[in-house]
Every structure is written in structure tokens, then in C-alpha cells.
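Everything on this sheet refers to the single structure shown next.
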Amino acid sequence: VLQGYAAEMDNPLMAHIIPPELQNKKDILFGNMEEIYHFHNRIFLRELENYVEYPELVGRCFLDQMEDFQIYEKYCQNKPRSESLWRQFSDSVFFQECQRKLDHKLSLDSYLLKPVQRITKYQLLLKEMLKYSKNCEGAEDLQEALTSILGILKAVNDSMHQIAITGYDGNLNELGKLLMQGSFNVWTDHKKGHSKVKDLARFKPMQRHLFLHEKAVLFCKKREENGEGYEKAPSYSYKHSLNMAAVGITENVKGDAKKFEIWYNAREEVYIIQAPTPEVKATWVNEIRKVLT
């Protein structure tokens with residue numbers, strides 16, 4: 001892909017068949033695929049080869065390189081822009097010609113999906129290895145490697161949702177690390193405001209997608225888009241946020257094991273939040289507690 005497509009975009013002999021709008025868009029189309037390729041080719045592959053005789057110790061290899069795996073997050077974050085560009089020009093003569101020369105049965109987009117598929121595959125491979133390595137040396141490293149890869153996958157997944165937030169004025173990066181995101185039923189009960197509004201709010205929950213950052217929790221409304229592939233992915237319109245410095249939490253709400261409360265400014269605003277399951281609730285309550293303490 002790097003030689004047969006990406007390099008060809010800079011080939012003067014191909015210039016006449018490259019759509020003008022594609023010029024200078026190489027970085028968008030291929031993201032940091034080159035970086036991923038070099039990491040595997042120069043570093044990770046060589047490391048793996050050291051463990052050919054001792055496969056059960058391969059967990060160590062993952063742990064040593066774990067920081068490098070974060071390059072996948074960058075790739076996945078760029079993927080929506082890449083897909084949208086590909087869709088505009090997928091039937092251009094340039095891509096057809098590259099595909100013909102490479103003698104590929106599949107078109108470029110199948111290959112651009114590979115890094116995304118690869119990063120999700122590692123956890124399956126590590127799980128398989130763990131299954132057969134219960135009591136041997138290296139089992140702890142394998143377990144730790146699996147946990148770390150799952151952490152990276154969660155970060156990738158969370159960031160894919162985060163880049164779909166629209167309407168937030170500030171800079172999301174200033175809110176600190178994104179810790180959790182998910183969809184909930186939310187009821188509000190505010191001291192200020194009309195009594196009628198309070199009565200209504202008690203009964204009808206709002207569907208909200210929450211993003212918990214170190215410094216704030218964002219409430220967004222999810223919009224499903226119609227369309228193919230990425231265009232069908234949801235976007236989240238920003239509604240409001242609470243600064244974690246002024247947030248309090250009540251873990252248990254009478255009558256429902258899935259509900260908890262977030263309140264603001266000494267209960268001036270109260271948000272009753274219903275998780276899809278008690279387990280999801282427990283995870284969120286724990287994360288929020290960690291932030292607050």
C-alpha cells in the first residue's frame with residue numbers, strides 16, 4: 001500500500017490521472033500508516049523473533065513496546081476523514097491503475113482497514129495464548145499485556161466517539177484525559193427554575209451520552225446519521241458540562257440498582273443517571289470517585 005499507492009501519489013508520471021482535489025491529501029488518506037509499518041518492520045517484528053523458541057514469554061515483548069502501540073489511536077482517529085476522502089474518489093482512474101499494477105483483488109479501502117483490524121486482533125491472540133499458558137512462566141506478563149492492549153482498545157474506541165462531538169466551544173484536550181463514555185437515561189431536578197419544569201422532568205428521562213474527563217463531565221445528545229459506513233456513525237451534539245471540581249455523587253438511588261446521582265454546586269442541580277446495567281453503574285461510580293478524590 002505504501003509503495004503501490006502512497007508513493008504513486010508523488011510519482012510525476014501518474015500526476016495527470018490524480019484528481020486535483022486529491023493532491024496534498026496523502027496524509028489524510030493514509031493517516032500514519034507509514035509509522036505503523038516502520039514500527040512493525042524495524043522494532044516489533046524483531047522483538048517477536050526473539051521469542052520464537054519461547055512463545056509463552058511473548059507477553060514481555062508486548063509490555064516493552066506498549067507505548068508504541070498508541071500510534072494505532074492516531075490511525076483510528078484519522079480513519080473517518082480517510083474514509084470520506086476515499087468515498088469521493090474511489091472510482092478514479094488513478095486508484096484503478098494502482099490496483100491493476102499491484103494485481104490486488106481488493107481495492108485500497110480493504111487495506112486501509114487492516115491496521116484497525118490488527119489492533120483489535122491482538123487481544124484475541126493474547127487471550128488464546130493465555131488459555132494454554134495458565135501455569136507456566138510468563139503467564140503474568142501475558143495477562144498484563146492483554147490488560148494493556150484492552151486499555152489501548154478502550155482509548156481508541158473512546159476517542160472515536162470523542163471526535164464525533166459537535167458544538168463544544170472550548171478545546172476538549174484541556175479537559176484532561178477521557179476516562180469513560182456511554183449512553184444513559186438522565187432525569188434532572190433543579191432547585192432553580194419553574195415548578196412545572198420540575199414536575200415534567202421527574203417523569204420523562206432524556207437520552208444522554210456522557211463523556212467523563214478528568215476535569216469535567218460532558219452531557220451530549222446522540223444523533224444517528226443515515227448513510228453508509230462512517231456516515232452512519234453517530235455524532236454527539238454538546239448540551240452542557242459540569243466542572244468536576246464542583247461535582248458530588250450519590251451512589252444509591254432508592255428503588256433502582258442502576259441509578260446514581262451527580263449533583264452540582266451543593267445540590268443546586270441534580271442529575272439522576274440510569275445506567276444500562278448495575279455493572280456499568282459500578283464502573284462509572286468508581287471512576288467518578290477516583291476523579292473526586
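Please determine, in degrees from 0 to 90 and to the nearest 10, the orientation of helix 278-292 with respect to the longest principal axis defined by the Cα atoms of the chain, where the helix direction is its Cα long axis.
Once rounded, one gets 90 degrees.
Identify the GluC sites (Glu not before Pro) of the range 62-145 meeting these criteria: DSSP loop state and at most 13 other C-beta atoms within 10 Å of the C-beta.
E137
Please compute the per residue accessible area over the chain with all protein chains in place, 1.4 Å probe, rounded to a whole number of Å².
Heavy-atom SASA per residue in the chain reads 58 Å².
Do you know the Lys pair count in the range 7-163 for C-alpha distances under 19 Å, with sequence separation 8 or more or different chains?
Close lysine pairs under the 19 Å cut-off: 16.
Not counting ligands, DNA or RNA, and with a 1.4 Å probe, what is D68's accessible surface area in Å² rounded to the nearest 10?
The accessible area comes out at roughly 60 Å².
Could you give me the ³J(HN,Hα) list for the range 96-108, computed from phi with Karplus coefficients 6.51, -1.76, 1.60 and θ = phi - 60°, whole Hz, x at Gly and Pro?
Values, residue by residue: 5, 5, 4, 5, 5, 4, 7, 6, 8, 6, 9, 7, 3 Hz.
Between R223, R87, R60, find the one with the highest GNM mean-square fluctuation for the chain; connect C-alpha pairs within less than 10 Å.
Evaluated over the chain, the most mobile residue of the options is R87.
Show L48, L179 ordered by accessible area, largest first, where the area counts protein heavy atoms only and the probe is 1.4 Å. Walk me through the intermediate numbers first.
Details: L48 60, L179 30 Å².
From most accessible down to least: L48, L179.
Where does each of L13, L45 land when they are ordered by accessible area, with a 1.4 Å probe and the largest first?
The most accessible residue leads, giving L13, L45.
Please report, in debye to the nearest 20, how large the charge dipole of the range 7-163 is about its Cα centre when each Lys and Arg carries +1 at its beta carbon and each Asp and Glu carries -1 there. Please report the intermediate quantities before stating the final value.
Details: 19 positive and 25 negative charges, 110 e Å.
So the magnitude is around 520 debye.
Taking the Cα centre of the chain as origin, sum charge times position over the Cβ atoms of Lys and Arg (+1) and Asp and Glu (-1), and report the length of that vector in debye to the nearest 20.
Here the chain has a charge dipole of around 1540 debye.
Find which of G4, S110, C61 sits farthest along the positive direction of the dipole of the chain, computed with +1 on the beta-carbon of Lys and Arg, -1 on that of Asp and Glu, about the Cα centre.
Going by the charge dipole, the pick is S110.
Counting Lys and Arg as +1 and Asp and Glu as -1, what is the net charge of the other residues whose Cβ lies under 10 Å from the Cβ of K177?
-1
Can you pull out the chymotrypsin sites (Phe, Trp or Tyr not before Pro) in the range 72-148 that DSSP calls coil and that have at most 12 other Cβ atoms within 10 Å?
Hits after loop and neighbour filter: Y132.
Where nothing but the Cβ of Lys and Arg (+1) and of Asp and Glu (-1) is charged, how large is the charge dipole of the range 52-130 around its Cα centre, in debye to the nearest 20? Present the calculation step by step, with values, prior to reporting the outcome.
Values: 12 positive and 12 negative charges, 68 e Å.
It works out to roughly 320 debye.
The values are calculated or read from the model by the stated rules, or taken from the named source; none is laboratory data. Computed from a predicted model, the values in this text were never measured in an experiment. Here the Cβ is made from the backbone with ideal geometry for all residues, glycine too, and neighbour counts use every protein chain on show. Surface accessibility is based on the protein's heavy atoms, side chains included, excluding ligands, DNA and RNA. Shrake-Rupley method; radii C 1.70, N 1.55, O 1.52, S 1.80 Å.
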